[in-house]
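Student: Just passing along the structure, written as structure tokens.
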Amino acid sequence: MRQFIVTGGAGLIGSNIVRELNARGVSDILIVDHLNHPGKQANLNSVQYTAYLDRTDFRAALRAGQIAPASGLFHLGACSSTMETSETYLDDNNTGYTRELCEWALAHNTRFVYASSAATYGDGALGYDDDDAVTPKLKPLNLYGWSKQKFDLWALQTGVLGKIAGLKYFNVFGPGEDHKGDMRSVINKSVKLIQETGRLSLFKSHRPDYGDGQQDRDFVYVKDAAQVTLWLYDHPEANGLFNCGTGHARTWVDLAHAIFAAMNREPAIDFIEMPPALRDKYQYHTEAEMKKLRVSGCSIPFRPLEESVSDYVRNYLVR
């Protein structure tokens, strides 16, 4: 039996999970992804694994019964663009694909840990509580969020969620995101700009209850997210849908100051207009309620924002 399958294994969270497995001495890993960017190939070049399949070939092989059982399947692969407009594509690539893998994993006694998303919480009107009673009431702001919500609902309503584990990752950043284009973190986007101009840009606020740059997020370092994900594999008794965040929201201005500090520069911030197409779908506040994960027994700490940003900037972005 193969040890692990990691879909999205060349992506941000996936490649860091593979790296954590390597640190455990594990390399018997099948990575599934779609190498459409040199950044993804660079992520693969830095890890050890035994096999790679393009996601299309993998799905075909899965349906043909040609994929051998594994000890664990980490499903991180998805279209994560919040601007994607094809619901048909997302229903297949995100919702349907996840269901296929879940059903396969359960049929083959393979531990299934998958990525949901904090995007399922929509505008946050109902808070950010991962309690099962709240899940059916959530209304995501975009089709990507709905594609994650649909699988969560299916897993909850069928009882499958009691046999698998899902993580609602909040704003994950860190090494391995160079391929993400506009979906890269502000940290990744800004370091080169600061090196060239000495300045950083943040969106203005379009709500009177938030000042410019005072919109906030639960920023999560990918190294911490990977360790929490592996903890769920290690503890098959911990099933259900869990938030993966620090539990402490920080403003974009806080983040900007952390970046400048990591680069030993004085902050210089410009506030720019938010694109009109984004304004109605923009989350002004996210903050994970972490009680459910902690009660499950997971005590893995999340590093403070300043420490995480410093490590990322100094050891990966400005080397």
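The values are calculated or read from the model by the stated rules, or taken from the named source; none is laboratory data. Everything numeric here is computed off the predicted structure, so don't read it as measured data. Backbone-built Cβ (ideal geometry, glycine too); neighbour counts: all protein chains shown. Just the protein is used for accessible areas: all its heavy atoms, side chains included, with ligands, DNA and RNA removed. Shrake-Rupley method; radii C 1.70, N 1.55, O 1.52, S 1.80 Å.
Student: Given springs between every Cα pair under 10 Å in a Gaussian network model of the chain, which of ASN43, ASN171, ASN22 has the largest fluctuation?
Tutor: ASN22
Student: Sticking with this one: Based on C-alpha coordinates, I'd like the Rg and Dmax of the stretch 1-140, in Å.
Tutor: 15.9, 45
Student: Hey, what's the per residue convex hull volume over the C-alpha atoms of the stretch 183-312, in cubic angstrom?
Tutor: Dividing the Cα hull volume of the stretch 183-312 by its residue count gives 122 Å³.
Student: Output the 0 to 90 degree angle, nearest 10, between the alpha-carbon long axis of helix 12-23 and the longest principal axis computed from the alpha carbons of the chain.
Tutor: The angle comes out at about 60 degrees.
Student: Across 5 Å bins from the origin, how do the percents of Cα pairs in the stretch 67-188 run, short distances first?
Tutor: 2, 10, 20, 22, 20, 15, 8, 2, 0
Student: For the stretch 4-66, what's the radius of gyration and Dmax over Cα atoms, in angstrom?
Tutor: Rg, Dmax (Cα atoms, Å): 11.3, 33.
Student: Further, regarding this structure: To the nearest 10 degrees, how steeply does helix 186-197 sit against the main Cα axis of the chain, on a 0 to 90 scale?
Tutor: Helix 186-197 sits at roughly 40 degrees to that axis.
Student: Also, quick follow-up: Can you give the accessible area per residue of the stretch 1-88, in Å², using a 1.4 Å probe?
Tutor: Computed with neighbouring chains in place, this is 45 Å² per residue.
Student: For the pair ALA277 and ASP131, how long in nm is the line joining their label points, each one 7 Å along Cα→Cβ?
Tutor: Inter-label distance under the simple model: 3.8 nm.
Student: Which value, in Å², gives the accessible area per residue of the stretch 122-261 when a 1.4 Å probe is used on the protein heavy atoms?
Tutor: 39 Å²
Student: Continuing with this model, one more query. Computing the accessible area with a 1.4 Å probe over protein heavy atoms, can you report the carbon and sulfur percentage for the stretch 39-86?
Tutor: 48 percent
Student: Sum up the lysine pairs in the stretch 165-264 that clear both bars: alpha-carbon distance under 22 Å and a spacing of 8 or more or different chains.
Tutor: So the count works out to 8.
Student: Over the stretch 225-276, consider all pairs of different Cα atoms and compute the Kirkwood hydrodynamic radius from their mean reciprocal separation; express it in Å, one decimal.
Tutor: 14.7 Å
Student: Pick from TYR121, TYR233, TYR282 the residue whose mean-square fluctuation is largest in a GNM of the chain, springs joining Cα atoms under 10 Å.
Tutor: Of TYR121, TYR233, TYR282, the most mobile in the Gaussian network model is TYR282.
Student: Just round it to a whole percent: the fraction of Cα-Cα distances in the chain exceeding 38 Å.
Tutor: Value for the chain: 11 percent of Cα pairs lie more than 38 Å apart.
Student: Could you work out what % of the accessible surface of the stretch 113-156 is carbon and sulfur, using a 1.4 angstrom probe and leaving DNA, RNA and ligands out of the count?
Tutor: Carbon with sulfur: 58 percent of the solvent-accessible area.
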